[in-house]
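Colleague: So that we are looking at the same thing, I have put the structure below in structure tokens.
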Amino acid sequence: MIDLHAHTTVSDGGDDPRDLVHKASSAGLIAIAVTDHDNDAGCADAIDEGAKLGVEVVPGVEISCDVEDLAERGFNPSSRPTMHLLGYFIPRTGNPLSKGLADLQYHRANRNRIIVDRLNELGVNITFEEVETEAGGPGSQIGRPHFAAVMVRHNAVPDYQTAFDEYLAKGAKAYIGRKLYRPVEAVELMIEAGVVPVLAHPMTMNISFDEVERFAEELVDVGLKGIEGYHGDWTLEEQAPLRGYAERKGLIASGGSDYHGDMRPDRALPGGKSGVMVPGEVLDQLKSASKELKG
């Protein structure tokens, strides 16, 4: 068994990179990809632990992309769209993608302090240090779930959902936009670094399947190598059109549980919500694509 989509405490997961690999080993996985949001800092520790346990660790990332202009470009999202791009086999030495991710982290760190200031102005008395500790300590990637957890602990809100609805969701009182790459920019950055780009969970874009195809065509033109057709949130039947599209376009149909540990206990490792397993040959296909990109 393999799982090519999992998160750690480096972003918004519940397990640190080494613990994730231990859980993968206990679950019977022979390979797991570490795909933290906008950050590859946990890959080295995971690879080191994988070498000890006999679990192959694929160094990866999941980049959040700017798709706010979907409607302006003729697409019709049914609700607020999100678009993520997975990248596989990030080089361990300096490369353009890792540098780009470090730049995102710099901007995100400043943004988090601004959010704290905004919450304080609104009467929510939390500190940046509390949020940082909730995320795992100095250097950890902070996300909105960490703000929500601290707010609940302070009784500023009754629950996570209220924290998002009233303060943290896009358009809410304390929302601060963050630096994002446009989809084409993110694909080009990965290709430049020799990293295999894969469109993550296309259904979260909240556009029709025909529009997903049209959107993906733009990315295929600049180097997209795959699309998730085995994501754990949906059944195999629901994702059959995505795998069919991948076959027609010569793309890799990848996937995984999107595991987040205790932060998202509904997503099991492996299989996710729907018990969807990724065929072992997908890893071989990603390796072949990686070799081609790296020459």
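Just so it is clear, none of the values below were taken in a lab; they were calculated from the coordinates. Small disclaimer: the values here were computed from a predicted structure and weren't measured. As a convention, Cβ positions derive from the backbone with ideal geometry for all residues, glycine included, and neighbour counts pool all protein chains shown.
Colleague: How far is helix 144-153 tilted, in degrees, relative to the longest principal axis of the Cα atoms in the chain, given as a value from 0 to 90 rounded to the nearest 10?
Modeller: In the chain, helix 144-153 runs at an angle near 40 degrees to the longest axis.
Colleague: Sticking with this structure for a sec: In debye, nearest 20: dipole of region 76-136 around its Cα centre with unit charges on the Cβ of K, R (+) and D, E (-)?
Modeller: 400
Colleague: Here's another thing I want to ask about it. For residue 172 and residue 26 in the same chain, what is the full-extension length gain: residue separation times 0.36 nm, less their Cα-Cα distance, in nm?
Modeller: Additional length available on full extension: 48.5 nm.
Colleague: Between 0 and 90 degrees, rounded to the nearest ten: what's the tilt of helix 17-26 against the longest Cα principal axis of the chain?
Modeller: 50
Colleague: Also, quick follow-up: Would you calculate a helix-derived [θ] at 222 nm for the chain, using -39,500 (n - 2.57) for each DSSP H run of n ≥ 4 and dividing by the full residue count, to the nearest 500?
Modeller: Helices in the chain give a 222 nm mean residue ellipticity of -12000 deg cm²/dmol.
Colleague: Turning to a different aspect of this structure: Rounded to the nearest 5, what is the percent of antiparallel bridges among the DSSP beta bridges in the chain?
Modeller: In the chain, DSSP labels about 40 percent of beta bridges as antiparallel.
Colleague: Still on this structure: Obtain the nm distance between the two label points defined at residue 210 and residue 154 by a simple spin-label model: each point lies 7 Å from its Cα along the Cα-to-C-beta direction.
Modeller: Each label point lies 7 Å from its Cα, and together they span 4.9 nm.
Colleague: With bins 5 Å wide starting at 0, give me the P(r) of region 1-86 over every alpha carbon pair, in whole percents.
Modeller: So the P(r) values, bin by bin, are 3, 16, 23, 18, 12, 8, 8, 7, 4, 1, 0.
Colleague: Is region 35-158 rounded, prolate or oblate when judged by the Cα gyration tensor, a ≥ b ≥ c being the square roots of its eigenvalues, rounded requiring a/c under 1.5 and prolate requiring a/b larger than b/c?
Modeller: Oblate.
Colleague: Continuing with the same structure: Rounded, prolate or oblate: which fits region 70-119 when a ≥ b ≥ c are the square roots of the eigenvalues of the alpha-carbon gyration tensor, with rounded for a/c under 1.5 and prolate only if a/b beats b/c?
Modeller: Oblate is the answer for region 70-119, as a/c is 1.5 or above yet b/c matches or exceeds a/b.
Colleague: What distance in nm separates the simple spin-label points at residue 48 and residue 284, each placed 7 Å from Cα in the Cβ direction?
Modeller: 3.3
Colleague: Can you compute the modelled spin-label distance between residue 268 and residue 66, with each label point 7 Å from Cα toward Cβ, in nm?
Modeller: About 4.1 nm separates the two model spin labels.
Colleague: Compute the long axis of helix 281-294 from its Cα atoms, compare it with the longest principal axis of the Cα atoms of the chain, and write down the angle in degrees, 0 to 90, nearest 10.
Modeller: Compared with the principal axis, the helix lies near 90 degrees.
Colleague: When each pair of different Cα atoms in the chain is counted once in the 1/r mean, what is the Kirkwood radius in angstroms, to one decimal?
Modeller: It is 19.5 Å.
Colleague: At a Förster radius of 25 Å, what calculated FRET efficiency corresponds to the Cβ-Cβ distance of residue 240 and residue 78, to the nearest 0.05?
Modeller: My answer for the efficiency is 0.80.
Colleague: Can you list the trypsin sites (Lys or Arg not before Pro) in region 28-93 that are in a DSSP coil and have 13 or fewer other beta carbons within 10 angstrom?
Modeller: 73, 92
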